[in-house]
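Nothing in this text is a laboratory measurement; each read-out follows from the coordinates by a stated rule. Computed from a predicted structure; not experimentally measured. Counting neighbours? That spans all protein chains shown, and the Cβs are built from the backbone with ideal geometry, glycine included.
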Amino acid sequence: MKTLWILGPGNSVSHYTDHFDQLKDRTLLAYQRVFPNCYTYYNLIPSYWTGFDPNALVEGLEFLTTLDKSLRPLFMEMELVLPHFCAGDYRTFRQYCGTTPLGRSPAAWKNYQDLVQKTKDLGYNVTILQCYTTKNIELEEKYTNPQFRDTNIFQPENEYLRFMTDKPIFGTIEFDSESVIGSRYKWGLENKLSVQAFPLAYALGYKDIYVAGFDLVGSRFYDDNEYHPWDDERQTGQDVKAAQQIPLKLIEKWVDWKPLHGMNIYSVVEDQYTLVNEVLPYKPFEKALTERKIIQ
C-alpha cells in the first residue's frame with residue numbers, strides 16, 4: 001500500500017512540528033509555496049513538489065537556481081511535477097487555467113520560463129506531466145476528443161470515466177466561469193487539494209493519502225496572508241458560509257469516489273485548526289505516522 005503525505009500552506013502545520021523528524025522518511029508532496037518554505041522553516045525536503053499557479057512556483061525555482069553548488073545534491077531527488085501547461089507559453093496556460101499574476105507582464109512570464117529552463121539545465125528532477133483540466137475539457141476537448149465528446153464525464157453515472165482517461169484530469173467540477181462572485185460560480189472556488197493534489201496522487205498510484213495544511217481558513221505557515229476567494233471582503237453580498245461549502249463539497253466528492261479511485265484519504269489536523277475535517281475523516285498525526293511506518 002503506497003502512502004503519500006500532502007503538505008499544504010495552512011498555518012495548521014505549525015502545530016505539528018514535533019512530528020516533522022518522522023516525516024523526513026515519508027513520501028511527501030509539497031504544494032506550491034510550501035517549497036522552499038518547508039525546508040527553510042522545518043528542514044523538510046519533499047519527495048514531490050507541484051503547483052497549479054506558476055506565480056506560486058517562482059520562489060521555489062529561485063531558491064533552487066541560486067543555491068550554492070555544494071547544496072544542490074540535497075534537492076536532486078525531489079521531483080518537480082509540472083503540468084505541461086505550466087511549462088509553455090502564457091497562451092497555452094490560459095487555455096487550461098484561470099489567471100495568474102505573472103500574466104500581467106510578458107517579462108514576468110519570461111522570467112518564470114527562464115527559471116524552469118535553468119532548473120532543468122542544473123540537473124534537477126523535473127517531470128512535465130501531460131494532463132487535462134476541466135476548463136480545457138469544456139472549451140476544447142469535448143468538441144474534439146472522443147473521450148469527452150461522446151459522454152459527459154460530469155454526470156453522476158459517468159464520473160468513473162475520469163479515472164480511465166489517457167491523462168490525469170485536474171479539477172473536479174465542470175467549468176462555468178473564471179469569475180468569483182460570491183457563490184454564483186463554482187469553478188473558481190475549488191480548492192487546489194481537489195483540483196490537483198488528489199488527481200496527482202491518483203496518477204502516481206498512491207492509495208493512503210494524509211493531508212495537512214489545506215485548512216480553507218486562516219493564514220499560511222510562512223506568512224500572514226489570510227486571503228481566500230470565498231471570504232474576499234472586496235466582493236459585495238458575499239455569503240461566506242455558502243461559498244466555503246463549495247470547495248468543501250468538492251473535496252468530499254473525492255472521499256465519495258473511493259470505490260472508483262481506491263484511495264483512503266485522511267486529514268491529520270485537528271478540527272480546531274481546519275475546515276476540511278467537515279468532509280475528510282480525521283486520523284491523528286502521530287497515529288498516521290505509526291500506522292504506516294512499516295510500508296514507507
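Name the single residue, out of those in region 167-190 being part of a loop (DSSP other than H, G, I, E, B) and among the small types (G, A, S), that is farthest from R149 (Cα to Cα). Here the answer is G182. The set of residues in region 181-210 being in contact with a helix residue (DSSP H, G or I) (Cβ under 7 Å, 6 or more places away or on another chain) and closer than 22 Å to E270 by Cβ consists of N191, L193, S194, F198, I209, Y210. With respect to K192, is the statement that it is touching a residue at least 24 places away in the same chain (Cβ under 8 Å), charged (D, E, K, R) and surrounded by fewer than 20 Cβ atoms within 10 Å (Cβ to Cβ) true? For K192, the condition - touching a residue at least 24 places away in the same chain (Cβ under 8 Å), charged (D, E, K, R) and surrounded by fewer than 20 Cβ atoms within 10 Å (Cβ to Cβ) - is not met.
Okay, residues lined up against (1) hydroxyl-bearing (S, T, Y); (2) part of a helix (DSSP H, G or I); (3) free of Cβ contacts under 8 Å to residues at least 40 places away in the same chain:
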residue	(1), (2), (3)
K110	no, yes, yes
Q113	no, yes, yes
K120	no, yes, yes
N136	no, yes, no
T151	yes, no, yes
F154	no, no, yes
E159	no, yes, no
T165	yes, no, yes
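A single member of L80, L44, L57 is in contact with a helix residue (DSSP H, G or I) (Cβ under 6 Å, 6 or more places away or on another chain) and closer than 23 Å to F221 by Cα, and it is L44. Do we have F93 as touching a residue at least 12 places away in the same chain (Cβ under 8 Å), out of contact with any strand residue (DSSP E or B) (no Cβ under 8 Å at 6 or more places or on another chain), among the aromatic types (F, W, Y) and in a helix (DSSP H, G or I) here? So F93 fits the description; yes. The set of residues in region 99-112 being out of contact with any Asp or Glu (no Cβ under 7 Å at 6 or more places or on another chain) and either surrounded by 16 or more Cβ atoms within 10 Å (Cβ to Cβ) or of a type in the set (F, W, Y) (or both) consists of L102, G103, A108, W109, Y112.
Going through (1) over 30 Å from T290 (Cβ atoms); (2) in contact (Cβ under 8 Å) with a residue 12 or more places away in the chain; (3) of a type outside the set (V, I, T) one by one, A203 falls short only on (1).
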